[in-house]
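Peer 1: Below are the structure tokens for one structure; questions will follow.
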Amino acid sequence: MTAPVATRSGSRIARARAEAVAPAAAVATAGLGRGNGGPPDLSPLQELSAIGELLAGPRWTTDVARILGHGDGRTVRRWKAGEAPVDPRDLEALREEGRRRAAALLRLVGDPMDRPARPRRTPEETRAAFAELMARTRAGAPTPA
């Protein structure tokens, strides 16, 4: 019995399969904290997988194919298997669908960034606390941390 010979397409397929099995949460947070706060650096297949899983759950292939207008899931399964590259237009369409759904969710549940800031103290309380701190500083008393 001879060992299987790795072909060029075989290694590409294996690499694509390895990329596609990472959980969406791990992929979505990969590379965060670097650069200027932009999106994480992902391959098109990793991004497609992460967005697909977040939009449609762990069995996302057929749902993503329908969102993109590919009828059955054959095209998406070919992307996942590494048999064909992810079409950039389809990836952009899926990103747009993700943005649309995220905006709809934020409208429904509210965005905490839209709430007005509430001061912890009234302006009078703030002035009084500042005056007390200045008095302590002038008197040489220790200031609270």
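Peer 1: Give the residue that is farthest from ASP87 (Cα to Cα), with candidates limited to residues of the range 40-65 that are touching a residue at least 12 places away in the same chain (Cβ under 8 Å) and of a type in the set (Asp, Glu).
Peer 2: Residue satisfying both the conditions and the ranking: GLU53.
Peer 1: A follow-up question, please. Given the options GLU53, GLU124, name the one that is closer than 17 Å to LEU42 by Cβ, of a type in the set (Asp, Glu) and part of a helix (DSSP H, G or I).
Peer 2: GLU53
Peer 1: I've got another one for you. Check GLU132 against each of (1) at pLDDT 85 or above; (2) under 30 Å from GLN46 (Cβ atoms); (3) among the acidic types (Asp, Glu) and name the one condition it does not meet.
Peer 2: (2) is the only condition that GLU132 fails.
Peer 1: Going by what's in this entry, would ARG118 be described as without any contact (Cβ under 8 Å) to a residue 40 or more places away in the chain, more than 15 Å from LEU55 (Cβ to Cβ) and surrounded by 14 or more Cβ atoms within 10 Å (Cβ to Cβ)?
Peer 2: no
Peer 1: So which residues in the range 73-115 are in contact (Cβ under 8 Å) with a residue 12 or more places away in the chain, assigned to a loop (DSSP other than H, G, I, E, B) and within 15 Å of GLY52 (Cβ to Cβ), if there are any at all?
Peer 2: Scanning the range 73-115 gives GLY73, VAL86.
The values are calculated or read from the model by the stated rules, or taken from the named source; none is laboratory data. On a predicted model such as this, the values are computed, not experimentally measured, just so you know. As a convention, Cβ positions derive from the backbone with ideal geometry for all residues, glycine included, and neighbour counts pool all protein chains shown.
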